Amino acid sequence: MTTSGLTRDRRLIVGVTILGVLVLAAVLAPLIAPHDPESIDSARLLRGPSLSHLFGADALGRDVFSRVLFAFRISLVVSAGSVGLALLIGVPLGLLAGYSGGWVDLVLMRPVDMILVLPALLLAISLISVLGTGSSITLIAIAVIFFPILARVMRSSAQVVTTLPFVDSSRARGMGGFGIATRHVLPNALGPVVVQAAILMGFSMQIEAALSYLGLGTQPPTPSLGLMLFEGRDTLVQAPWAEIFPGLAIAITVLAFNLVGDGLRRHVNQHSSAA
Amino acid sequence: MNDVLIEVRGLTKQFRVPGRGRRRLHAVADVDLDVRSGEILGVVGESGSGKTTLGRCLLGLTAPTSGTISIGGQYFQPSDPVLRRAVQPVFQDSFGSLDPRWTVRRSVREALDAQGIGAPGERDARVTELLEQVGLGAELGESRPSALSGGQRQRVGIAAALAPRPKLLVADEPVSALDVSVQAQILNLFAALRRNQGVTIVFITHDLSVIEHLADRVAVMYVGRIIEVGPTDAVFAAPAHPYTQALLAAAPHPDPTRRLPPKLLTGEIPSPIDPPSGCAFHPRCPIAIDRCTTQRPALLQIGPSRLAACHLLTAVEHLPVPVTT
């Protein structure tokens, strides 16, 4: 497919650029971080931003810049992991339901709908109360929230593609159901799912932060953006930087993911209307 | 030339109507039809006449409610790969009938790859040969459908349909979406394929001028039933069934001196959910008699190779030829 439309979309470029910088920073965190994110130093409690501590220090004297870098690393792994896992479950499920239709669709999608009606955070919290806390549990809990959304998008997209004449042609050519579903329906139906996945990446970041803020996600002393927000709230007046910078990190990342998602959506819509 | 290739007997397809209890839509009702080897059979009818469903049944894409289809004497089962590839579709929407993400080569090869026809190394040569047959250069092989014109796409669709060497092509409105100049080229291509390769073609369309140009025989459908069958020349020269007469009279004619014909067809085609009793055409028929409202006319021989279903036509009896369509 053409990529010219993608490279000309300004919002998409901005989103991808921001994400690129952030991902690079996360990957290179051990090299960039000027201080150990977990080292406590009573000499610099609540110190404001300076050259040696770009984002200042928190109530335990830990370097906020280094902590944001490492926290962002974990958030990114949790987001990518949870969306990846949700794709792994949701895409085959939605494809099978959308392509097969009939009772297969009914049997597969009814449980999915039941998960979908539960409030996201409530579902995550109840899962965590059963499975325990920690980054990997958070990842699984978010994947459970997301896979029904992706399965639904995949299903409706697959339904549309399945009605196109080339699917009938393929059947007449002797192609089996699995071949048609994976070679014709999947590639043509994936566009909206990719868009949804990009937007869910940002959403995942927010859920991870919310869970960590509640003490149900990443556990101290490992830095996490949500946890940093929680820890900084007591000293909000004296040291707002301990609160502002993790908050900004979340906001900018979510914004970037949404820009990418919107850009991709426009591209996908253009192509589906042309086809 | 006159061997029967496809034998359709008592073909019926009903669809359940959602939310209407036990009511059913009678898309195709009790159709008997023979398709002769090497002929182009035109199937005409208004939209809703069941011509597309008939085509889909022939392709094995829609399972008939009852009735049988046999190909070359063998009972047609879509699960049989040899019989399945003997019938190939050409669809109206040349954009939708090719996967937009597949190259031309991959689409044309699909049947060969799916069924393991020929050695993998020889398939590319076969693709080139097929593209030549439909008047396209092999260099188009790496293009995607979006880079092709409507006519080119339809040619690619025909090449892909020819790949498994089918006995029958079912072409459902294959030229309706094309410009008139391109239409003529594609119609000539169908004619050439029949002439040079002996491909049998069932050509489904609402366009009478296309049928007149291309088809050897024509079958006219009305509310799921075939109401007249015969050689195209004979039917167009002297239509027997009042519906065929009305249909032909309503078709625009490229003769400015001809006056517009009196409007014979009034009202809408009846719903196939509640087809009229007796002859389905009686509510619109200018010459209907009482019997038409109660008794359904059978498809009877009315002349050499001609059949029609109308009470007001007398069946020709004691003909030396056996009664076939």
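Here, each number is a calculation from the coordinates, and none is a lab measurement. As the structure is a computational prediction, the values presented were derived from the model and not from experiment. Cβ coordinates were reconstructed from backbone atoms using ideal geometry, including for glycine residues, and neighbour counts include every protein chain displayed.
Please identify the helices of chain A, taking whole runs of DSSP H, that span at least 18 Å along their own axis as judged from the Cα atoms and have a mean Kyte-Doolittle score of 0.0 or higher. Membrane-span-like by this criterion, though nothing is claimed about a membrane: A:10-27, A:64-100, A:102-116, A:135-162, A:186-213, A:241-274.
What is the helix-to-structure angle for B:120-133, meaning the angle in degrees between its Cα long axis and the longest Cα principal axis of chain B, kept from 0 to 90 and rounded to the nearest 10? Computed tilt is about 50 degrees. Per residue of peptide B:78-91, the mean number of Cβ atoms on other chains within 10 Å of the residue Cβ is 2. Charge dipole (Cα centre; +1 on Lys/Arg Cβ, -1 on Asp/Glu Cβ; no other charges) of chain B amounts to roughly 780 debye.
Work from the charge dipole of the protein assembly as shown (Cβ charges, +1 for Lys and Arg, -1 for Asp and Glu, about the Cα centre) and give the residue of A:Pro37, A:Leu164, B:Val87 farthest towards its positive end. It is B:Val87, whose Cα lies furthest towards the positive end. Computed over chain A with a Gaussian network model linking Cα atoms closer than 10 Å, the most mobile of A:Leu190, A:Leu106, A:Leu95 is A:Leu106.
At full extension, A:Leu88 and A:Leu24 could sit 20.5 nm farther apart than now, given 0.36 nm per residue minus the alpha carbon distance. Rg of the Cα atoms in the protein assembly as shown, relative to 2.2 N^0.38 Å, amounts to 1.33.
As a test of the formula, what do you get for the protein assembly as shown when each DSSP H run with n ≥ 4 contributes -39,500 (n - 2.57) and the sum is divided by the residue count, at 222 nm and rounded to the nearest 500 deg cm²/dmol? Roughly -16000 deg cm²/dmol at 222 nm, from the helical runs in the protein assembly as shown.
Derived scalar couplings between HN and Hα for segment B:284-301 equal 10, 7, x, 10, 5, 10, 3, 4, 5, 7, 10, 10, 7, x, 8, 7, 10, 6 Hz in order, rounded to whole Hz, by the Karplus curve 6.51 cos²θ - 1.76 cosθ + 1.60 (θ = phi - 60°), x for Gly and Pro. Ordering B:Leu131, A:Leu122, B:Ala237 by Cα displacement along the dipole of the protein assembly as shown toward the positive end leaves B:Ala237 in first place; charges were set at the Cβ atoms of Lys, Arg (+1) and Asp, Glu (-1). The mean number of Cβ atoms from other chains found within 10 Å of a Cβ in peptide A:171-181 is 6, as a whole number. Placing unit charges on the Cβ atoms only, positive for Lys and Arg and negative for Asp and Glu, gives the protein assembly as shown a dipole magnitude near 540 debye about its Cα centre. Separation of segment B:153-203 from segment A:52-129 is 51 Å, based on Cα centroids.
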